[in-house]
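The structure appears below as structure tokens.
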Amino acid sequence: MIIKTAIFQGSSTNVTQKPKLKAPEYAFIGRSNVGKSSLINMLCGRKDLAKTSSMPGKTILVNHFLINGKWYLVDLPGYGFAKASKKAQAALKAMIEDYVSHSEELAMLFILLDSRHGLMEIDRNFITAVSEAGIPFAVILTKCDKLSKTALEQNTASLRTALDSIRPDIAVLPTSSDKRIGKDTVLDMIDEDLKQHINTK
């Protein structure tokens, strides 16, 4: 798939405020500072589509981008931002749960994990909840260029073992925004899923 157009359609705090045009949604989420905005910009071939920052917690709303006039790329707030107040953390948690649980157009959720770290408890809890809810999802490993080939293989193997304890068939996609690694793999997965949505209509 080639992304020719990526147009910001609006921000929301709950599903009732989503864009009126209904289309399949492919949402991206992960811990704060996992590299989500950089990945979205890489996928879309843009430098400033999703706002990047060295300060975690930049995304505080659900942002919809209409891709090629056919589907939405959804940028969700990061979870686990420890520096936010308890009230702010609760608001973000409610916003994420509202979207993930109630968006009828959600086709797939991409959960981002930093390839340099193991599966943290907050990630395990989130992935387990998504799996138990029956929501289609895949795991994206970010910042894979920051590791040696051997270290990346070891970390990936360890992560797969941890994920297998949740569910044995979770797809794991290695990426690097800086090196543009994994772009085609992620977009091809979305493209194949879109074809299934079209065929089932």
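The values are calculated or read from the model by the stated rules, or taken from the named source; none is laboratory data. All values derive from a computational prediction rather than experimental measurement. Glycine gets a Cβ as well: all are built from the backbone with ideal geometry, and neighbour counts include every protein chain shown.
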Worksheet entry | the stretch 63-113, residues that are within 15 Å of the chain's Cα centre (by Cα), part of a loop (DSSP other than H, G, I, E, B) and at pLDDT below 85 | G78, G80
Discussion item. Would you confirm, using the coordinates I've provided, whether F8 is among the hydrophobic types (A, V, I, L, M, F, W, C), more than 23 Å from P136 (Cα to Cα) and part of a strand (DSSP E or B)?
Written reply: yes
Item to complete: Pick out the one residue from D114, D98 that is within 21 Å of V186 (Cα to Cα), among the charged types (D, E, K, R) and surrounded by 12 or more Cβ atoms within 10 Å (Cβ to Cβ).
Response: D114
Item to complete: Can you confirm whether the stretch 15-31 contains a residue that is modelled with pLDDT under 90, under 17 Å from the mean Cα position of the chain (by Cα) and either of a type in the set (D, E) or not in a strand (DSSP E or B) (or both)?
Response: no
Practice prompt. Exactly one condition in (1) in contact (Cβ under 8 Å) with a residue 24 or more places away in the chain; (2) within 26 Å of T16 (Cα to Cα); (3) of a type outside the set (A, V, I, L, M, F, W, C); (4) not in a helix (DSSP H, G or I) is not met by D178; state its number.
Written response: (2)
Fill in: Within the stretch 162-193, tally of residues that are of a type in the set (G, A, S), buried (at least 19 other Cβ atoms within 10 Å of the Cβ) and closer than 15 Å to F28 by Cβ
2
Worksheet entry | Complete set of residues in the stretch 128-170 that are of a type in the set (V, I, T), under 23 Å from K183 (Cβ atoms) and not in a loop (DSSP other than H, G, I, E, B) | V139, I140, T142, T156
